[in-house]
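First the structure, in the form of structure tokens, and then the observations on it.
The values are calculated or read from the model by the stated rules, or taken from the named source; none is laboratory data. Just so you know, these numbers come straight off a predicted model, no measurement behind them. Quick reminder, even Gly has a Cβ in these numbers, built from the backbone with ideal geometry, and neighbours come from all protein chains shown. Areas reflect the complete protein model, heavy atoms only, side chains present, ligands, DNA and RNA absent. Shrake-Rupley method; radii C 1.70, N 1.55, O 1.52, S 1.80 Å.
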Amino acid sequence: MTSHRTSLLALAVAAGGALTLTLSGCTAIQEAFSQEITTEFATANDVADRWDTEVPWLPADATEIIAKEKPDGEVAALMAHSPSPLDPETCIEVDRRSAPTVNVDIAPDVYGRARVFACGTWSVIPTDDGWYGWTPNSADEVAQSPSSRPS
């Protein structure tokens, strides 16, 4: 009976250790369970060179960029530092009709915002020191975006 209890205790300790390792913030394990991939980029050029998802609204001077996406790349969110305004040829302010499906951990709360910038298939809001955007957005936001209007 004692050896059975000892075996159960050892098993519980091992399982607890494995659980602690999993919950301790190991990004690879978290991403495997969440089916989300986080990538960091130094600059907007780095995003253009290394990321398969197009971000037409991203200012050229953007730095410290964090992107999170689903493996298919069609659902994504991106946060960037930039003092530059969004290009009015690409983005227009509209009523918010969407919210991110994936979320960058340090991103602002989008639900307190009544308006967003519609930038094609992206919706974007300002942050304290840059921009936070997500795709896909709603069909209504896409339709109002300057990139959807006939020339």
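Summary of computed values
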{"item": "The stretch 76-151 - percent of accessible surface contributed by carbon and sulfur, probe 1.4 Å", "result": "51 percent"}
{"item": "Net charge of neighbours whose Cβ lies under 11 Å from the Cβ of Pro56, counting Lys and Arg as +1 and Asp and Glu as -1", "result": "-3"}
{"item": "Estimated FRET transfer efficiency when R0 is 35 angstrom, pair Asp128-Asp49 (beta carbons, to 0.05)", "result": "0.80"}
{"item": "Rounded FRET efficiency, nearest 0.05, which uses the C-beta distance separating Lys70 from Ala42 and R0 of 25 Å", "result": "0.60"}
{"item": "Filtered trypsin sites (Lys or Arg not before Pro), the stretch 55-151: DSSP coil and at most 16 other beta carbons within 10 Å", "result": "Arg97, Arg113"}
{"item": "Calculated FRET value between Gln144 and Thr101, using beta carbons and R₀ = 22 Å, to 0.05", "result": "0.65"}
